[in-house]
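The values are calculated or read from the model by the stated rules, or taken from the named source; none is laboratory data. What you see is a predicted model; the values in this text were computed from it and never measured. Note that each Cβ is placed from the backbone with ideal geometry, even for glycine, and that neighbours are counted across all protein chains shown. Protein only, heavy atoms only, side chains kept; ligands, DNA and RNA dropped before computing areas. Shrake-Rupley method; radii C 1.70, N 1.55, O 1.52, S 1.80 Å.
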Amino acid sequence: MSAIYYKLYQNSRLFGEGSIDVPFTVGRQTDPNLPPPVSVIDIEPDSDHYASNEYVARKLVIVPLSNRSVPRLSLRIDLDRNGNMLARNLHRAVELHLPTTLLRPNEELQIGRETTIYFPEDYQLCLSCNSPSIPGRDFIPTFQAAFEDSEDDDDSSFLALRFAQDADTSANRLMSMIATEQSTKHQEIAVRLVRTALEAFKEPPGSKEFFDAAGRAAIQMIDLDRVAVLGKEDDQWMCRTLSFRPGLDQSRAAARAFSNTLLSKMETNGRTTSVDPQHQSQSVWKSITEIDRAVAAPIFDENKRIVGALYGDRLIGESENNQPIGELEAAMLEVLASGISSSLAIKQEQRLRSSMAQFFSPEVLNQLKRDRTLLDGRSADVSVLFCDIRGFSSVTEKIGPTQAIAWINDVLTVLSECVLNHDGVLVDYIGDELMAMWGAPGEQVDHAERACRAALDMLAQTVPLGEKWKSIIPDRFGFGIGINSGPASVGNTGSQRKFKYGPIGNTVNLASRIQGVTKQIGVPGLITGETAKLAQRAAAFQMRRLAKIRVVGIAAPIELYQLCENESQRNLCARYEEALKAYEAGDLKLAAGRLASVVQDYPDDRPTIILLSRTVELLTQPDREFDAVWNLTQK
């Protein structure tokens, strides 16, 4: 039986490492009684842990039960006959990112003998068939860092394009320098530059192979003794990879220190910096005692911050080339460093899009690609939806935690697809409740209509989901949906450690209250008058005006509408609304007669029964002050 070595990182912190026999699956903790992450657990053959019939005895648990961003079954790892890893995405909706490609739902790929798999919330799972010495985390910016404000106030271009332009700028400057030199030597340098740089960038960005190739390319291009790719962490320079000129005594060369003075100078200048101590008398360079000639080119993140350096030198007593590192050679190293920055930026973009796909539809992602400022905090007119799963407590008590988690995952996945299909934003999951929003980050003039259509799609899933899970769910399984429209503050309402794009404000609070009212009124879908007014412009929805209500904590009366699921309710809606007009006009006898007729034809309609009860109560208490507004006492 073969074993694979693993390391799990999040935001540069090593969470755990070890080895696991293949085949195995990867996912989150499914039961609080099982070992917490990072751990390897055994799965019994008759366990209902798996939805598929394919039995896998081991599972690598990488996140706790509370982390819903990683599916309970995310990935399956096995080996092919040549000893290469095979990865299968076990989830039907979530994409996983590998160094050079996306692993799409239900897709299987051969991923070689060493790779990194990127999960949401900046988890990185490093796998190796060869050795426990798996390469550590690269210094690609974290998921949260991608949402921080840029320090470049004038920058509005998309990050990948910007880095491509940076690389072009460096290359153009280099070509201009070469063009001034008409010798065959410099023409050969240009050809060698292109060939070696292209070879370096064939490797997966951010991988050990990528940085090793960059180091080898710099040695060939500039005739250096050694080249290091350095990363900056907690104000300390850390060596990621170190490459040497063929024939060099590597043990002696590796022991030579890097110049912190040169690196500090590079950071201060913000550009490629070189030094030849034999020609420097300034005291600033006196700390360079063993390195003869050195050059450092900065590696930038997407916010133009220096996160690394491409560092090369020629060593005293070791170098075959005693010439100073000239401006032309420094420019060549700068081109290579710019290419590294560009590759890492594109890598970050791919990872970011993969992570953001959990929250945003492809259309919204394209809007964000065109304008990153859409994620900035601002005010917007939005429609907010809350959807609660009815019967959740009954189900969990009946079937236990393992099946309950599988059931809730399936239901929330279906509901989430309804949101994304109408270009909504998945804001949050709160226990058995889903929260979504329309109208931001990009403007949607039809946000209320989109929210209502998504709600109707959700309600249409009640029967299929009930049939699928009929062996475990109660008869009263269903959804309660509340929608409200209005102004809200939108942006990252999470924290620096966990991104959550969504709205805050009274519009959100009222939407949540309206969802709660569905239980009291006895209908699955309710919207406020503001939402109804906006959605009615489409003239595509059957709605029933139910009442004016006051909810707990909000003094102003609110128009309440039922979002009807089908046209068969048109007659009921029309007759109810005629009775409601009579009630609100104070003609209680006419209202009672009309409502009694509706109850006779629709005996299960809760709103009609409630309004008839209120009318009869007022008729039997003629001295009671009449108020057409329903005052609700429960949240």
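Given VAL629, VAL616, which one is closer than 29 Å to GLY553 by Cα and touching a Pro at 6+ places or on another chain (Cβ under 7 Å)?
Numbers: VAL616 fails: touching a Pro at 6+ places or on another chain (Cβ under 7 Å).
The match here is VAL629.
Which members of region 234-252 meet the condition of being crowded, with 17+ Cβ neighbours inside 10 Å and aliphatic (A, V, I, L, M)?
Answer for region 234-252, where residues must be crowded, with 17+ Cβ neighbours inside 10 Å and aliphatic (A, V, I, L, M): LEU242, LEU248.
Any idea how many residues of region 598-625 are in a loop (DSSP other than H, G, I, E, B), surrounded by 11 or more Cβ atoms within 10 Å (Cβ to Cβ) and not hydroxyl-bearing (Ser, Thr, Tyr)?
If we filter region 598-625 for residues that are in a loop (DSSP other than H, G, I, E, B), which is where we start, we get 602-605, 620-625.
Narrowing the set further to residues that are surrounded by 11 or more Cβ atoms within 10 Å (Cβ to Cβ) leaves 602, 605.
Of the ones still in play, those that are also not hydroxyl-bearing (Ser, Thr, Tyr) are 605.
Final tally of qualifying residues: 1.
Would you tally the residues in region 204-233 being open to solvent by less than 20 Å² (accessible area, probe 1.4 Å) and assigned to a strand (DSSP E or B)?
6
State all residues of region 541-570 that are in contact (Cβ under 8 Å) with a residue 40 or more places away in the chain and within 23 Å of VAL463 (Cβ to Cβ); if no residue qualifies, say none.
Start the filter on region 541-570 by keeping residues that are in contact (Cβ under 8 Å) with a residue 40 or more places away in the chain, which leaves 541, 544, 546-554, 557-558, 560, 562-563, 565.
If the condition is that a residue be in contact (Cβ under 8 Å) with a residue 40 or more places away in the chain and within 23 Å of VAL463 (Cβ to Cβ), then PHE541, ARG544, GLN562, LEU563, GLU565 are the ones that fit.
Restricting attention to region 109-121, which residues are under 14 Å from GLU95 (Cα atoms) and modelled with pLDDT under 85? Explain how you work it out, then say what you get.
Residues of region 109-121 under 14 Å from GLU95 (Cα atoms): 109, 117-121.
Matches in region 109-121: TYR118, PHE119, PRO120, GLU121.
Output the qualifying pairs, or none if there are none: Cβ atoms under 9 angstrom, residues six or more apart or on different chains, first residue in region 66-87 and touching a residue at least 60 places away in the same chain (Cβ under 8 Å) and within 18 Å of TYR6 (Cα to Cα), second residue open to solvent by less than 40 Å² (accessible area, probe 1.4 Å) and part of a loop (DSSP other than H, G, I, E, B).
Listed by first residue and then by second, the contacts come to ILE77/VAL22; ILE77/PRO23; LEU79/VAL22; LEU79/PRO23; LEU79/CYS129; GLY83/CYS129; MET85/VAL22; MET85/CYS129.
Please go through region 403-449 and pick out each residue that is in contact with a Ser or Thr (Cβ under 6 Å, 6 or more places away or on another chain) and under 24 Å from HIS91 (Cβ atoms).
Within region 403-449, ALA404, ILE405, LEU420, ASP423, LEU426 qualify.
Hey, among the residues in region 67-88 that are open to solvent by less than 20 Å² (accessible area, probe 1.4 Å) and at pLDDT 90 or above, which one's nearest to THR402 (Cα to Cα)?
Filtering first and then ranking leaves LEU75.
Every residue, every condition in (1) surrounded by fewer than 22 Cβ atoms within 10 Å (Cβ to Cβ); (2) part of a helix (DSSP H, G or I); (3) in contact with an Asp or Glu (Cβ under 9 Å, 6 or more places away or on another chain), yes or no:
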site	(1), (2), (3)
ALA451	no, yes, no
LEU459	yes, yes, yes
VAL463	yes, yes, no
GLU467	yes, yes, no
LYS470	yes, no, no
GLY482	no, no, yes
SER485	no, no, yes
ALA488	no, no, yes
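Here is a check on your reading of the model: is TYR561 part of a strand (DSSP E or B), within 22 Å of GLY482 (Cα to Cα), touching a Ser or Thr at 6+ places or on another chain (Cβ under 8 Å) and of a type in the set (Phe, Trp, Tyr)? Let's see the steps before the verdict.
Values: part of a strand (DSSP E or B): yes; within 22 Å of GLY482 (Cα to Cα): yes; touching a Ser or Thr at 6+ places or on another chain (Cβ under 8 Å): yes; of a type in the set (Phe, Trp, Tyr): yes.
Yes.
Can you name every residue in region 429-449 that is open to solvent by 60 Å² or more (accessible area, probe 1.4 Å) and in contact (Cβ under 8 Å) with a residue 40 or more places away in the chain?
Initial filter on region 429-449 (open to solvent by 60 Å² or more (accessible area, probe 1.4 Å)): 429-430, 443, 445.
Of everything in region 429-449, those that are open to solvent by 60 Å² or more (accessible area, probe 1.4 Å) and in contact (Cβ under 8 Å) with a residue 40 or more places away in the chain turn out to be TYR429, GLU443.
Looking at (1) at pLDDT 90 or above; (2) more than 31 Å from the chain's Cα centre (by Cα), can you tell me which one GLN536 breaks?
(1)
Name every residue in region 463-492 that is under 14 Å from ASP388 (Cα atoms) and modelled with pLDDT of 90 or more, in order of residue number. Full working, then the answer.
Pass one, region 463-492, residues under 14 Å from ASP388 (Cα atoms): 476-483.
Once the filter is applied, which keeps residues that are under 14 Å from ASP388 (Cα atoms) and modelled with pLDDT of 90 or more, region 463-492 yields PHE479, GLY480, ILE481, GLY482, ILE483.
Of the residues ILE288, ILE316, ILE299, which single one is surrounded by 12 or more Cβ atoms within 10 Å (Cβ to Cβ), of a type in the set (A, V, I, L, M, F, W, C) and at pLDDT 85 or above?
Values: ILE288 fails: at pLDDT 85 or above; ILE316 fails: at pLDDT 85 or above.
Selected residue: ILE299, the only one of ILE288, ILE316, ILE299 that is surrounded by 12 or more Cβ atoms within 10 Å (Cβ to Cβ), of a type in the set (A, V, I, L, M, F, W, C) and at pLDDT 85 or above.
Could you give me the residue pairs with C-beta distances under 7 Å whose first residue belongs to region 387-405 and is under 16 Å from GLY480 (Cα atoms) and open to solvent by 60 Å² or more (accessible area, probe 1.4 Å), whose second residue is small (Gly, Ala, Ser) and in a strand (DSSP E or B) wherever it lies, and which are 6+ apart or on separate chains?
Listed by first residue and then by second, the contacts come to nothing, as the list is empty.
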